[in-house]
Each structure stands twice: as C-alpha cells, then as structure tokens.
Amino acid sequence: MPTIPTRSLSDGCSIPVIGFGTHPMSDAEAETSVASALDLGYRLIDTASLYRNEIGVGRGIARSGVQRSDIFLTTKLRGGDQGIVETKAGLKGSLGRLNLDYVDLFLIHWPMPSFNKYVDAWRAMIDLREEGLARSIGVSNFNEAHLDRLLDETGVLPVINQIELHPAWAQAHLRDVDARYNIVTESWSPIGRGVPLGLYPPVAAAAQTHDVTPAQVVLRWHLQLGALPIPKASSIEHQRENLDVFNFELSPAEMKAFASIKQERMDEDPEFFVEL
Ligand SMILES: NC(=O)c1ccc[n+]([C@@H]2O[C@H](COP(=O)([O-])OP(=O)(O)OC[C@H]3O[C@@H](n4cnc5c(N)ncnc54)[C@H](OP(=O)(O)O)[C@@H]3O)[C@@H](O)[C@H]2O)c1
C-alpha cells in the first residue's frame, strides 16, 4: 500500500498531499467508497454538511479499521449555518452524523458575501479550534477580498483555501494570494469532473511521454503547482490510479504547456453563489 507524503499547515498540523472527495455520493455509496479508499491508502477524506453523506462517511471510516488518528477528515459548514451560534451548532451536528469527537479540518463552504456572516462564522470557528472540536480551520471558495477581511477583522488566517482548480481554471492569481498568506490551496474538481482530459494537447502529450493516464498527468500537475487535489472516484480502478502519481515528474516545459489551455470556470462564482 502506498504511503502518501504529508505537508505542513501554517498551524503546525500536517495533511496528506492528496485526498479523496465524496461529492456527489449518497450515504450508502460514501460508506463503501470511503472504506475502499482508506483500504487503498488514502488518509485525507473530504465531505460537507451540504453533501448529506456524513453518516456514510463516518460509517466508512469505522468500517475501514484504520485508526482515527491516522485519518485526516474534512467537513464544511453549510451556508445556512453561518453566524456565531449557528456555526457551533453546525459543527456539532456534523460530528454527530460522522460519529466522531473532532474533525481535522473545518471549512466555511462558500463565503456568501451578500449574507455578510462569514466573519461571524470565522470567529466561531476560532473558538471551535480552541475547544479542540476542529484541529484546523479553513475556508473554501474565498477570494482575495474575503481573505483580507478575515485577517483585518480577526487577525487569524485560514490554513487552507479549497477552490475550483483544474487545467481549464488554473487560478494563478488566487494561488499567489494563498501562497502570500501561507495558506495551502486545495483543488476541488481537480480532474474537471471527468471531462476528457486527453483532449487537452499538453495533457495528452505528457501522458504519452510518461506512459500514464491523462488523470494522472493532471493530478501530478496539481502536486507540482503546490496545490492539494481531492479527486472523487467511485470506481476502485480510478481510486487506485489517482494515488499512483508519485513515480514520475512533469518537466518545467510540460508544466508551462498547460498555460495554452483555454480558461473557463466550470461551476459557480463565489462572489455571488448562495447555498443554504
Ligand atoms: N468546496 C467546494 O465548493 C467543492 C465543490 C465541488 C467539489 N468539492 C470536493 O471536491 C471533490 C472532487 O471534485 P468533483 O467530484 O467535483 O470532481 P473530480 O474529482 O474532478 O471528478 C470526479 C469525476 O471524475 C471521475 N474520475 C475519477 N478518477 C478518474 C480517472 N482516473 N480517470 C477518469 N475519470 C476519473 C469520477 O468517476 P467515478 O466516480 O465513476 O470513478 C467522477 O466522475 C468532491 O468530491 C468534493 O469532495 C468541493
């Protein structure tokens, strides 16, 4: 079984450099997939209150037999739970569904700036970290202005910013902002939700050169950018393939060639998106 390298977060905790996404999975599918992913060697599991599969994720963890202390579990605060009291209740609800005493990482799922509650949610998350219910705290889908506001109003920065990131939405500016703040950029939809990655010429060329699949090239690209991908895979073959990315390296020219890929966001704009 491969041992996945880890990297340090700015709060001193460490996190595996690649993880396992669970959206969209039902409870039943999450239970099976999380157990098989842990069995294959994954140690970072990503879920969210919004996914409605935390019960299944918790069951998959229990079924795997892997020690809790060896697992890095992330969940996220749903939009409707932003606010001081609501955020604390939100995490307690997640812990109950997961059947866990703590999460390794708790993220604000979307900033929802029009609600103007994410700073309150952040203050509550700082308390939750102090209480030990979340070992690390971070955000998802935050732009530069949202990060600046957290710093200005609380003095505390997130350790992770989980954002849409794949070859067709490479987010160079936001990655630079995260790096400046010592925030690890985590990539959601890292392989573009199953788009035929081989249609991108730089991906196809690198796959041929290194005798790997297009998905493996793209996951390697994330790792070499310094981003942390969390691919979702229900198929065990995909789960295994996505972990097998530590035996080859893209050259600087191969990395640079990704710049030719046309850029287009696949999902919602965090400036306007509201999820309750
Ligand atoms: N924070 C946020 O707002 C946010 C938003 C979206 C997603 N996320 C998180 O990020 C995770 C990953 O994103 P995602 O699920 O949207 O997209 P993704 O991981 O880029 O793509 C998943 C799709 O790719 C397929 N796939 C997996 N491995 C493959 C391989 N080696 N070759 C070919 N196809 C492969 C999967 O098929 P099979 O399942 O059939 O194997 C599935 O259809 C989510 O599960 C979730 O945990 C977070």
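Values computed for the structure shown
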{"quantity": "Links that overshoot a 31 Å alpha carbon limit, given the list LYS117/LYS262; LYS232/LYS262; LYS92/LYS232", "calculated": "LYS117/LYS262"}
{"quantity": "Order of MET255, MET112 - criterion: other Cβ atoms within 10 Å of each residue's Cβ, fewest first", "calculated": "MET255, MET112"}
{"quantity": "Trypsin sites (Lys or Arg not before Pro), loop per DSSP, at most 16 other Cβ atoms within 10 Å - longest free stretch of the chain", "calculated": "1-261"}
{"quantity": "Net length gained if the chain between THR3 and ALA253 were fully extended (0.36 nm per residue, minus Cα distance)", "calculated": "87.2 nm"}
{"quantity": "Residues VAL195, VAL212, sorted so that the one with the fewest Cβ neighbours within 10 Å comes first", "calculated": "VAL195, VAL212"}
{"quantity": "Label point distance in nm, GLU237-GLN224, each placed 7 Å from Cα along Cα→Cβ", "calculated": "2.6 nm"}
{"quantity": "Difference of contour (0.36 nm per residue) and Cα-Cα distance, VAL156 to GLN67", "calculated": "29.0 nm"}
{"quantity": "On Cα atoms only, tilt of 118-130 relative to the major axis of the chain in degrees", "calculated": "90 degrees"}
{"quantity": "In sequence order, calculated HN-Hα J values of the range 68-74 (Karplus, 6.51, -1.76, 1.60; Hz; x Gly/Pro)", "calculated": "3, 5, 8, 10, 10, 10, 10"}
{"quantity": "Cβ-defined net charge surrounding HIS222, 11 Å radius [Lys, Arg +1; Asp, Glu -1]", "calculated": "+1"}
{"quantity": "Local electrostatic count at GLU186 - Lys and Arg +1, Asp and Glu -1, tallied over other residues with Cβ under 10 Å", "calculated": "-2"}
{"quantity": "Local electrostatic count at GLY80 - Lys and Arg +1, Asp and Glu -1, tallied over other residues with Cβ under 11 Å", "calculated": "-1"}
{"quantity": "Shape of the chain, Cα gyration tensor, a/c cut at 1.5", "calculated": "oblate"}
{"quantity": "Coil-residue GluC sites (Glu not before Pro) of the range 189-276, DSSP, other Cβ within 10 Å capped at 14", "calculated": "GLU249, GLU264, GLU268, GLU271, GLU275"}
{"quantity": "Value of [θ]222 nm, deg cm²/dmol, for the chain, DSSP H segments ≥ 4, -39500 (n - 2.57) each, nearest 500", "calculated": "-12000 deg cm²/dmol"}
{"quantity": "Segment VAL195-PHE246, length gained on full extension (0.36 nm per residue, minus Cα span)", "calculated": "16.1 nm"}
{"quantity": "Mean-position separation - Cα centroids, the range 86-122 and the range 1-25, in angstrom", "calculated": "20 Å"}
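Read-outs throughout are calculated quantities, based only on the coordinates presented, and are distinct from any laboratory measurement. Predicted model, so just to flag it, every value in this text is computed and none were measured. For neighbour counting, all protein chains shown are included, and Cβ atoms are generated from backbone atoms with ideal geometry for every residue, glycine included.
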